[in-house]
Amino acid sequence: MNVKKFFANSPREALVKVRDALGADAVILSNRQVHGGVEIMALAPEDMSALVQPVIEHEALSAHALAALTSKNRSRGSQSSAPSNGHQPIRLHDQNGTSSYRVSNREAVSPPREFQDKEAVEMMNEIRSMRGMLETQLTELSWTAQHQRNPVKAEVMREMLAAGFSATLARYLTENLPESEKYNGGMKWIKGVLARNLIAMNDENELLDRGGVFALVGPTGVGKTTTTAKIAARCVVRHGASRLALITTDGYRIGGFEQLRIYGKILGVMVHSVKDESDLRTALTELKGKHTILIDTVGMSQRDKMVSEQIAMLSEVGVPIKRLLCLSATSTAETLNEVVRAYKGDGLAGCVMTKLDEAATVGNLLDVVIRQKLKMFYIANGQRVPEDLHLVNKQYLIDRAFRLKRETTPFRYHDDELPLVVANTARSMSDKSLREVILG
């Protein structure tokens, strides 16, 4: 058996490689998302047929042969009454021709325990691998049958994938789509479910009037400083510059403090720079009379160990700080998931969508926000302060997600590619975040 592995940037390219190498009748054993693309394991059709053991027909035994065989088995059964204690009995003949039995002193040698454990682990890994391949194949077959029975669901799923939503969420919603729905009705139902599960700040007074301490966190380059300035401008308009304070922890980036200081100068607000937890604690104590305090934090990769140190610093200063995570709409869903997991800590107050004007699709961000149960405070769609900061209109945002779907052919999934995409979701359908999605 010669199993071959194929790697490509998309399922479609991987399928083309399989067909070119093994032919149109190749058997797909597995397909999965890997770093940088898709990996498919396939088997040539002649190798698959070789796995099936041919059935050999034997002639029926005659009555005479059957009687002789029965007699032979009886004689073996009488000999089995010899001693048996786990050792092999040996038949001996003496000089007079009489026979006797003795038990061999040689004991059975069992393999070492370490070897047995290693074999057990390898066997379990093989079983899990086989189970994964079976689940993938069954899911692919099930989806193909469902597509033929209800093509509306396949079309709705294709639209969700084109809008940037994950295959798992798209499959979960389309599988629960009412059978009687046509395409337009199905899309309306999908949009309604997405809107119900998107948590948003409906009233800006929740932030501006209540006040408090807010820290904008997130990776480098997602627009934290600009978003801080936009929110600060709204606070100044509502309560005046004397009721607002700005703090920055960005002492690493060249010009980071200067950028916020310029915004503060325009707004008439002083900007305080802190380096560590002690400085932050002192600054918050001095500014405790302010109605609203906005903290612009230093940006760092979600994989940087300093992220946890930053979260600890904001959590242990003795003042409740609400953390708002800035999420760029231009990032992939995988990256956004990593960012949320890294910055979540003991809980986020919510998030701000940034760079909406630069994003080709926004379904990827909406997918993460819905599954992570994040509250969306604002949407930023430009560099202008404070004009390009808006409250969340859920219906408009979801409609925009489907309007911004990928229209170019290389990024659109075709009918023969959808089963592969669905098959790759077999193991992730039991995710808790999916079960918490409210359908109606």
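Tabulated data for the structure shown
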{"item": "Those lysines that a straight Cα-Cα span of less than 18 Å connects to K17, excepting residues fewer than 8 apart in one chain", "result": "K4, K5"}
{"item": "Of K290/K355; K275/K375; K275/K305, those spanning more than 23 Å from alpha-carbon to alpha-carbon", "result": "K290/K355; K275/K375"}
{"item": "Vicinal HN-Hα couplings computed from phi for the range 257-262 (Karplus, 6.51 cos²θ - 1.76 cosθ + 1.60; Hz; Gly/Pro x)", "result": "5, 5, 4, 5, 5, 5"}
{"item": "Loop-located GluC sites (Glu not before Pro) in the range 280-382, at most 16 other Cβ atoms within 10 Å (DSSP)", "result": "E316"}
{"item": "Loop-located chymotrypsin sites (Phe, Trp or Tyr not before Pro) in the range 206-311, at most 14 other Cβ atoms within 10 Å (DSSP)", "result": "Y252"}
{"item": "Cα gyration tensor category, rounded, prolate or oblate, for the range 150-274 with a/c compared to 1.5", "result": "prolate"}
{"item": "The range 302-386: trypsin sites (Lys or Arg not before Pro) in DSSP loop, at most 16 other beta carbons within 10 Å", "result": "R303, K305, K373, R384"}
{"item": "Computed magnitude of the charge dipole of the range 3-48 (debye, nearest 20; Cβ of K, R +1, Cβ of D, E -1)", "result": "180"}
{"item": "Pairwise FRET efficiency - T285 versus S10, Cβ, R0 = 60 Å, nearest 0.05", "result": "0.65"}
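Read the figures in this text as sums done on the coordinates, not as results from a lab. These numbers were taken from a predicted model, which means no experiment stands behind them. Here the Cβ is made from the backbone with ideal geometry for all residues, glycine too, and neighbour counts use every protein chain on show.
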